[in-house]
1. If you take the residues in region 14-31 that are touching a Phe, Trp or Tyr at 6+ places or on another chain (Cβ under 7 Å) and among the hydroxyl-bearing types (Ser, Thr, Tyr), which one is farthest from residue 376 (Cα to Cα)?
2. Output the number of residues of region 448-473 satisfying the condition of being of a type in the set (Ser, Thr, Tyr), assigned to a loop (DSSP other than H, G, I, E, B) and either open to solvent by 10 Å² or more (accessible area, probe 1.4 Å) or within 22 Å of residue 102 (Cβ to Cβ) (or both).
3. I'm told residue 49 meets every condition in (1) touching a Phe, Trp or Tyr at 6+ places or on another chain (Cβ under 9 Å); (2) of a type in the set (Asp, Glu); (3) without any contact (Cβ under 8 Å) to a residue 24 or more places away in the chain except one. Can you identify the failing condition by its number?
4. Can you find a residue in region 536-543 that is closer than 25 Å to residue 52 by Cβ and of a type in the set (S, T, N, Q)?
5. Please verify whether region 620-627 includes one or more residues that are farther than 30 Å from residue 232 by Cβ, out of contact with any helix residue (DSSP H, G or I) (no Cβ under 6 Å at 6 or more places or on another chain) and buried (at least 18 other Cβ atoms within 10 Å of the Cβ).
6. Please enumerate the residues belonging to region 554-571 that are assigned to a loop (DSSP other than H, G, I, E, B) and crowded, with 22+ Cβ neighbours inside 10 Å.
7. Please find, among 339, 298, 329, 333, the residue that is farther than 29 Å from residue 235 by Cβ and open to solvent by less than 70 Å² (accessible area, probe 1.4 Å).
8. Looking at region 17-27, which of the residues that are loosely packed, with under 13 Cβ neighbours inside 10 Å and in contact (Cβ under 8 Å) with a residue 60 or more places away in the chain is nearest to the chain's Cα centre (by Cα)?
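The values are calculated or read from the model by the stated rules, or taken from the named source; none is laboratory data. All figures in this text were calculated on a predicted structure; none of them were measured in a lab. Cβ: placed from backbone, ideal geometry, glycine included. Neighbour counts: every protein chain shown. Remember, those area values only see protein heavy atoms, side chains included, never the ligands or the DNA or RNA. Shrake-Rupley method; radii C 1.70, N 1.55, O 1.52, S 1.80 Å.
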Amino acid sequence: MIRRFDYGAPLKTDALVKDVPLSADALPYFTVTETDGGVCFTHALGKDDLIFGLGETVRGINKRGHLYRSWNTDEFSHLESKESLYASHNLLIFSGQGSPFGVFFDDPGEVVFDLGYTDANTAAITSVNGNVSVILIEEDELNAIVRAFRSLIGQSYLPPKWAFGYIQSRWGYAADSEVRAIVREHRDRHIPLDGVCLDIDYMVDYKDFSWNRESFPDLKKLSKDMKEDHIRLIPIIDAGVKEQSGYDVCDEGVANGYFCTYEDGSPFVGAVWPGRSYFPDFFRPEVRRWFGDKYHALLDQGIEGFWNDMNEPALFYSENGLKAAHEELNRLLTTNIGLDAFFHLKDVVLGMANNRDDYRSFYHQHHGKRMRHDKVHNLYGAYMTQAAAEGLRSYDPDKRFLLFSRASYVGAHRHGGVWQGDNSSWWSHILLNLKMLPSLNMCGFLYTGADLGGFSSNTTEDLLLRWLQLGAFTPLMRNHSALHTRDQEIYRFGMQEDMRNILTVRYALLPYLYSEFMKCALTQESMFRPLAFDYPADQTALRVEDQIMLGKECMIAPVYQQNARGRYVYLPEDMLLVRFRSAADYDLLPMEQGHHWIDLQLNEMPLFIRKGCIIPLSRGGEWVEAVDFTDLTLLGWLDGAASYELYDDDGTTTQPVLADGLNAILCGVKDGRAFADGKGLTVDASRVIVNG
């Protein structure tokens, strides 16, 4: 059952694609109270209750015990103490007392989720503005709640097939020659690669839709040459538009009134990479059309993918905020700067960035109404993603383009993917990456992944190698790092052969990963799930935080601790351990339900296949188009009949299709013995069937 309960005057967010009838009843499960202009929903928690959801957030898969704040924030230091990151995904799923239920708080302003933080026995969710639609979903089991929610918010974005390949990125690739050298190093060393991201360095003075003709003298030829080598270029686009007369994007935006404004109607001026900047009012359809069409200039150069950044929107400072800070600093110079004044001085300088007063100072036109930004803050990045997606569709409506974003709200999943933000080269962030995957899937974001190796700080080769072992399973597999950090392309390291071997596993698994992604997108399922969702009666599985389910057939449990040569795992049922060293070098070990220590050397990565299931493994390739989806080895621990349905297509069509013309052999375990042969197999169109 799905019902809607409105409080105040809810603002339309476009998160839902289906209407939910307004209930005349009181909202069950919660006590509702008004507080300081807002509205608070409190729910009593039982001792063993679990809380899932919230998409991109820090800490555990089970969200109980912390305070989270939906307020999209430019925050690269992902510490456990952080309340907000770049996205707001206001879905909670409660499990414990009686049947589980889900609740979506559809409010684009600030929402505070106190999930047993103030009182361990109480969840208190506060809509600060008091204008919120509450969508209640009641089902008998957890996966059904996710399916019901996903059916309300619409089909997830479908990337092109090449976007499932390995992508190399770094803030600092500043010239045509550098890009060519990076690609040449990968190809010469047979390191698989499908894409190279261009960060802000390719632009002229950090101006959107520009490129430096001195550093990139012929972008169209570079793109053409790269595609001939099966590489796509993926440039960044930021939200802020440089304030500069003679710059066409700025001039057109000012002339047509397309930028956000102060209360008096003058354009709001903030600062990001280009310095003083304007911010397109993406809430207006005509502005989205205008900005989306600007992507065409780069598409004309042969570009087929983009990543949108700084779209919370991030603010280094505002024009008014900088002026106020100068005045306060001048005042402080005339005082005796002691303890309190010193910390105040630091706050004056550091507090200019992403200041709440700035977000309260400018306005949008939202569904025909003038709206102060802070009331709808969390929608800004989502509407930028929509603008880009609409621009790509208007350029070629029959083609899938790559698009992923930093900031998002529920609904943006229909238009693009997300990466998990500017993380750090910390071992704890491998685990954070893992925990975000099922939470993001619950909210519709299937195409996702983290900056492998870490964005800030200096990675180590063992950290990068272990992170690649998790990234081998994530739809977006990108190695990305920051300027002034250690170069972290694979070929820079002594263990590059082991890293290359992990990439061969990724490419060998592409028929499985691509098929599972497409199935989940088309049927509203989650590609990644907590163990609790598949084993709700297993009291141990309910609490597992460092293993997750992958597709219908698998479980992943990466090593995420420095110097570890293995890890403990809990198997909720009998499973086949595939211990990969490369796509062609792996062990098969049947394991019974229960607790196990698994030996995993630094060059080994585990995959667990449920008993009775099979998964396809290809021969791999050095780019996605080289992977043969029809010539397969099937891995599994056979227990009677089994089958697998495979998706395959040309990689760019707007709708995926089932594969055809398959050829396969079995490689697995049966009756306690390993075997590899073509016996007992039949192929029915896209389905490979293992006869019992």
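1. The selected residue is 29.
2. 2
3. Just one mismatch for residue 49, condition (3).
4. Step one: filter region 536-543 for residues closer than 25 Å to residue 52 by Cβ, giving 536-543.
From the residues that got through so far, the ones that are of a type in the set (S, T, N, Q) too are 539-540.
Scanning region 536-543 turns up at least one residue that is closer than 25 Å to residue 52 by Cβ and of a type in the set (S, T, N, Q).
5. Restricting attention to region 620-627, the residues satisfying the condition of being farther than 30 Å from residue 232 by Cβ are none.
Among the residues of region 620-627, not one is farther than 30 Å from residue 232 by Cβ, out of contact with any helix residue (DSSP H, G or I) (no Cβ under 6 Å at 6 or more places or on another chain) and buried (at least 18 other Cβ atoms within 10 Å of the Cβ), which makes the answer no.
6. Initial filter on region 554-571 (assigned to a loop (DSSP other than H, G, I, E, B)): 557-565.
Within region 554-571, 557, 558, 559 qualify.
7. Details: 339 fails: open to solvent by less than 70 Å² (accessible area, probe 1.4 Å); 298 fails: farther than 29 Å from residue 235 by Cβ; 333 fails: open to solvent by less than 70 Å² (accessible area, probe 1.4 Å).
Result: 329 is the single residue among 339, 298, 329, 333 that is farther than 29 Å from residue 235 by Cβ and open to solvent by less than 70 Å² (accessible area, probe 1.4 Å).
8. Within region 17-27, the subset loosely packed, with under 13 Cβ neighbours inside 10 Å is 17-19, 21-22, 24-26.
Cutting the leftovers down to in contact (Cβ under 8 Å) with a residue 60 or more places away in the chain gives us 17-18.
Values: 17: 21, 18: 24 Å.
Result: 17.
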